[in-house]
Amino acid sequence: QVQLVESGGGLVQPGGSLRLSCAASGTIFSIVSMGWYRQAPGKQRDLVATITSGGKTNYADSVKGRFTISRDNAKNTVYLQMNSLKPEDTAVYYCKLVRPTGVTYWGQGTQVTVSS
């Protein structure tokens, strides 16, 4: 049974930073692709960043230069470092795991609120 547990969300002022973590269990972490997505109230869930098993990364244009996705295979964890946060980054952030077979799993989400 694959489980994903996100943490690190919270309230931060504009210009501040947060680091999200997503710990995975129940799978061989080193061979899966991971991603972060976000969903603001009344909007669809959008891609934020992804990282392949080989470490190749991809970012939404809106977060390029501000967010960094990384992974630690020894800890079965993927991170999202978020800097220079803006109010429009406010959303629930979800972790996604994709197995080589294409089977996908989602975490429960963590709230990020950027407000003064």
Using 7 Å Cα-to-Cβ label points, what is the Asp72/Gln44 separation (nm, one decimal)? 3.5 nm
Here the Kirkwood hydrodynamic radius of the chain, Cα-based and in Å, equals 14.1 Å
Could you give the Stokes-Einstein D for the range 52-116 in µm² per second, using the C-alpha Kirkwood radius, 25 °C, 0.890 mPa s? 182 µm²/s
For the residue pair Gln3 and Ser116, what label-to-label distance in nm results when each label sits 7 Å from Cα along the Cα-to-beta-carbon direction? 4.2 nm
State in Å² the accessible area per residue of the range 62-116; use a 1.4 Å probe, count heavy atoms of protein chains only, and round to the nearest integer. 49 Å²
Evaluate the charge dipole of the chain about its Cα centre and quote only its size in Debye, nearest 20, assuming +1 on the Cβ of each Lys and Arg and -1 on the Cβ of each Asp and Glu. 140 debye
In terms of the charge dipole of the chain, which places +1 on Lys and Arg and -1 on Asp and Glu at the beta carbon, the residue among Gln1, Gly54, Cys22 farthest towards the positive end is Gly54
So, with a 1.4 angstrom probe, what is the percent of accessible area on the chain that is carbon and sulfur? 48 percent
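The values are calculated or read from the model by the stated rules, or taken from the named source; none is laboratory data. Computed from a predicted model, the values in this text were never measured in an experiment. We place every Cβ from the backbone using ideal geometry, glycine too, and count neighbours over all the protein chains shown. Surface areas here come from the heavy atoms of the whole protein model, side chains and all, with no ligands, DNA or RNA. Shrake-Rupley method; radii C 1.70, N 1.55, O 1.52, S 1.80 Å.
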